[in-house]
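Below: one structure, written as structure tokens.
The values are calculated or read from the model by the stated rules, or taken from the named source; none is laboratory data. Keep in mind it's a predicted model, so treat the numbers as computed, not measured. Neighbour counts are summed over all protein chains in view; Cβ atoms, including those assigned to glycine, are modelled from backbone coordinates with ideal geometry.
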Amino acid sequence: MRKASVVIVGAGIMGASVAWHLAARGWRDILLLDRSPGPGEGSTGKATGGFRAQFETAVNVRLSLLSRAALRRFPDEIGVDSGYRACGYLWVATTPAQLETLAAARRVQHACGLTEAIAVSPADILRIQPAVSPDGIVGGAWCPSDGFLRARAMLDGYLAAAARQGARVEWGTEVTGLTRGPDGRIRSVETARASIAAGAVVNAAGAWASELGCAAGVDLPVTPLRRQVALTAPTNLLPEEMPMTIFLEDGFHLRVRDGRVLLLRPTPGVPGRPFDADVDDDWVGDVTARGVERVPLLRRVPVERAACWGGLYEMSPDHHAILGAAPGCPNLFLINGSSGHGVMHAPALGLLLAEILAEGRARTLDAAPLDPGRFAAAAGTGPAGLL
């Protein structure tokens, strides 16, 4: 039987971050397993690349600040550019109630040290983002240190850096089962190729995390949610460095990446299917119309239907990550349920889980709000809001 000190199931951005952070702490015999044929074939490769610290809960703000510091160190620490660019996030409000939502979140942000997040007036919004229509805007929120990153560059960087420390990745390898002993601990990871004895197992399976949880007899409340992205034809109507611009009313947002405008709007309740790249025609029509209404310049550039794509978020009940040892299975460690914030928080979550594995607790940041046991302890807790 083959052996590994830790088997990480999933070699996307989360698994790769855990692998590198463990390897950097001297762990050896680290094995990543992924059923995809190669890197970037899952949710990481479909990420749109936003980065923000403007959240409404303290733990998410702190995760972002921890990740932001890591993104800035990426060239020296990992050996590649993370693509972090501080182009800002601009939130646009059209009602006083939305302004109060932003103000409440900003109070949390300031308490966590994100003091550059500020309220902005309609005139400020038009100065920061002159392409938006002023109709109905009553104000908003702005943070200049938010911005963008390159998910695929980060993934490749983490994998290469982990490999330099001896970590191994096996692509095209699907986990078919987990064998547990009478003490509740996982003894081995089963694949079609081999049985692998594991000292510890990390569930980094993204939107498919609950399937792996079931294999271990662990109830993991992570569900896939399909998200869709519409892309315009190549254009220079809007600058590459424009901020991510989000309308709080319905979550519609847009950015420019690689010479195209990305149009996005959440579609709550659309169930996900593995590797689902389908995009609904009705959704494309709706998001295009909203784009033209909010940014009239977009009348001059068509959406390129063939360039649109769909992907999966891994949603937890409260829209916060699930991090730590699985209840009842002390050597199964979870890094799941980031609910659309996975790539931006991967540097922080990978660090914290490595600390949990190596030292028994997360010491860089208080990870108690992310503990996997919180759902059993707080049944009925509602999800976080749009922020």
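Below are the figures for this structure:
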read-out	value
Selection count where residues are assigned to a helix (DSSP H, G or I) and either aromatic (F, W, Y) or in contact with a Lys or Arg (Cβ under 6 Å, 6 or more places away or on another chain) (or both), scope the stretch 1-44	1
Sole exception among (1) in the same structural domain as L99 (by TED's automatic domain parsing); (2) crowded, with 21+ Cβ neighbours inside 10 Å for S338, by number	(1)
Boolean, F333 is among the hydrophobic types (A, V, I, L, M, F, W, C) and either part of a loop (DSSP other than H, G, I, E, B) or within 17 Å of V9 (Cα to Cα) (or both)	yes
Complete set of residues in the stretch 366-378 that are surrounded by fewer than 18 Cβ atoms within 10 Å (Cβ to Cβ) and assigned to a loop (DSSP other than H, G, I, E, B)	D366, D371, G373, A378
S82 being of a type in the set (S, T, N, Q), touching a Lys or Arg at 6+ places or on another chain (Cβ under 9 Å) and surrounded by 15 or more Cβ atoms within 10 Å (Cβ to Cβ)	yes
Failed item in (1) buried (at least 21 other Cβ atoms within 10 Å of the Cβ); (2) outside any helix (DSSP H, G or I); (3) not aromatic (F, W, Y), with L102 passing the rest	(2)
Scope the stretch 75-99; condition aliphatic (A, V, I, L, M) and assigned to a loop (DSSP other than H, G, I, E, B); matching residues	I78, V80, A86
Candidate set from the stretch 53-74 (those that are touching a Cys at 6+ places or on another chain (Cβ under 7 Å) and in a loop (DSSP other than H, G, I, E, B)); member that is surrounded by the most Cβ atoms within 10 Å (Cβ to Cβ)	Q54
Residue within the stretch 149-164 that is among the acidic types (D, E), in a loop (DSSP other than H, G, I, E, B) and closer than 19 Å to I8 by Cα present	no
